[in-house]
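Take a look at the structure set out below.
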Amino acid sequence: MLSQQLQVFLTAAECTSFNKAARQLLITPASVMKHINTLEARLGVTLFKRSKTGLTLTPAGQALFKDGKKLRSAAATALSHAKNAAYAEGITIRVGSSLLNPSKVLTDLWAPLRETYPQYKFRIVPFEDTKEQIIPLMASLGGRIDVLVGAFNSNTMYGHASYLILGYYNLCVAVPKEHPLAQKQKLNLQDLYGEHLLTVTGGDSEVITSFNDMVQREHPQIQLEGCGYYYDMENFNTCEQTGHPLLTLDAWADVHPSLVTLPLDCGYKVSYGIMYDKKPSPEIAGFVKIIEENFAQKI
């Protein structure tokens, strides 16, 4: 809140050395001297007596130092009051929510922390899961939406937003309720021999790319059909309409009423977590830090 020149002056006066002040302020000695010279020129007074033994304050410097410390203290108090007022009013976190990435995952996770951090409030902002909108949405985090929670296993998404991993979902297979496989409790890859397995296209997700490569290499009896790089409701509609099995996640077991989701014994998992702006506001950074300290998956 204080001007940079006044802050540099106070630090130099306390250190009695431009070099020591520079180290404390993480700037160069030349920059310290430039700030002091500019301040002296603005005020029309000399603030320091320079000598080989160090710096001493002139009478004008002593007066400015005395009052400057009061200003610094008052600024710190004002900032503290402002933060306390913000806490009293509450910090609103705008959480995106969709059918595939519901906000309930985050709000349920936060439930045990509500009493500890009462200043945080949630505003739920709906959005649509479409292949066309998901990347622009990621790039605009911090605008209409602050955070998203869900499975975002995509290198392209990582390029647009920060990602805090909270855990992992298991790969599963969804089939229409009338499909012969729907009667099974779980599936292995041999159960899918002769089937056309709908899956997102490899290349953007390392997990899906690895899975697709493994299937093509070790289980050529399964025909993979790519359906874009990102999941949306059309993938589930296609599964229901064509009867082809769909590679999916256990978290999405209930998104389509006509489908049955079965565990797939393959050992592959997809991370889920919180997506937020690469340069978050202090409020969002603080919120994510709390989540990280309490819940983040250690990887």
- Query: What residue among ARG217, ARG72, ARG23 has the largest mean-square fluctuation in a Gaussian network model of the chain, using Cα springs under 10 Å?
  - Reply: ARG23
- Query: Any idea how far the Cα center of the stretch 112-139 sits from the one of the stretch 5-67, in Å?
  - Reply: 47 Å
- Note on the structure: Simple spin-label estimate for LYS69/ILE27, 7 Å along Cα→Cβ, in nm, reads 2.2 nm
- Just subtract the alpha-carbon distance of GLU14 and THR209 from 0.36 nm times their residue separation and send over the number in nm, one decimal. 64.3 nm
- Query: Relative to the compact globular guide of 2.2 N^0.38 Å, what is the alpha carbon radius of gyration of the stretch 6-160, as a ratio?
  - Reply: 1.70
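Roughly how many Å² is the accessible area per residue of the chain, as a whole number, for a 1.4 Å probe?
Computed with neighbouring chains in place, this is 53 Å² per residue.
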- By how many nm would the segment from LYS49 to SER271 grow when fully extended, if each residue of separation counts as 0.36 nm and the alpha-carbon distance is taken off? 73.7 nm
- For the chain, which whole percent of the accessible surface, found with a 1.4 angstrom probe, sits on carbon and sulfur atoms? 52 percent
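Calculate for the chain the 222 nm mean residue ellipticity that helices alone would give, adding -39,500 (n - 2.57) per DSSP H run of length 4 or more and normalising by residue count, nearest 500 deg cm²/dmol.
Details: 10 runs with 122 residues, N = 299.
Roughly -12500 deg cm²/dmol at 222 nm, from the helical runs in the chain.
From the cross-link list LYS186/LYS269; LYS49/LYS69; LYS20/LYS66, which pairs have alpha carbons spaced over 18 Å apart? Walk me through the numbers before you get to the answer.
Numbers: LYS186/LYS269 16 Å; LYS49/LYS69 20 Å; LYS20/LYS66 20 Å.
Where the Cα-Cα span goes over 18 Å, the pairs concerned are LYS49/LYS69; LYS20/LYS66.
Normalise the Cα radius of gyration of the chain by 2.2 N^0.38 Å (N = residues in it) and let me know the number.
Numbers: Rg = 29.0 Å, N = 299, 2.2 N^0.38 = 19.2 Å.
In units of the 2.2 N^0.38 Å rule of thumb, it is 1.51.
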- Message: Please enumerate, by chain and number, the aspartates and glutamates with C-alpha under 15 Å from the C-alpha of LYS177, excluding those fewer than 8 residues away in the same chain.
- Response: GLU240, ASP254
- For the stretch 154-190 and the stretch 251-299, distance of Cα centres in Å: 13 Å
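When the Kirkwood radius is taken over all Cα pairs of the stretch 137-224, what Stokes-Einstein diffusion coefficient follows at 25 °C and 0.890 mPa s, in µm²/s?
On the way: Rh = 15.5 Å.
Stokes-Einstein gives a translational diffusion coefficient of 158 µm²/s.
As an exercise, use a Förster radius of 41 Å and the Cβ-Cβ distance of ALA76 and LYS104 to find the FRET efficiency, rounded to the nearest 0.05.
Details: r = 40 Å, r/R0 = 0.98.
Working from the Cβ atoms, E equals 0.50.
The values are calculated or read from the model by the stated rules, or taken from the named source; none is laboratory data. Given the structure is predicted, the values throughout are model-derived calculations rather than measurements. For neighbour counting, all protein chains shown are included, and Cβ atoms are generated from backbone atoms with ideal geometry for every residue, glycine included. The protein model used for the area step is the full one, side chains on, heavy atoms only, and it has no ligands, DNA or RNA in it. Shrake-Rupley method; radii C 1.70, N 1.55, O 1.52, S 1.80 Å.
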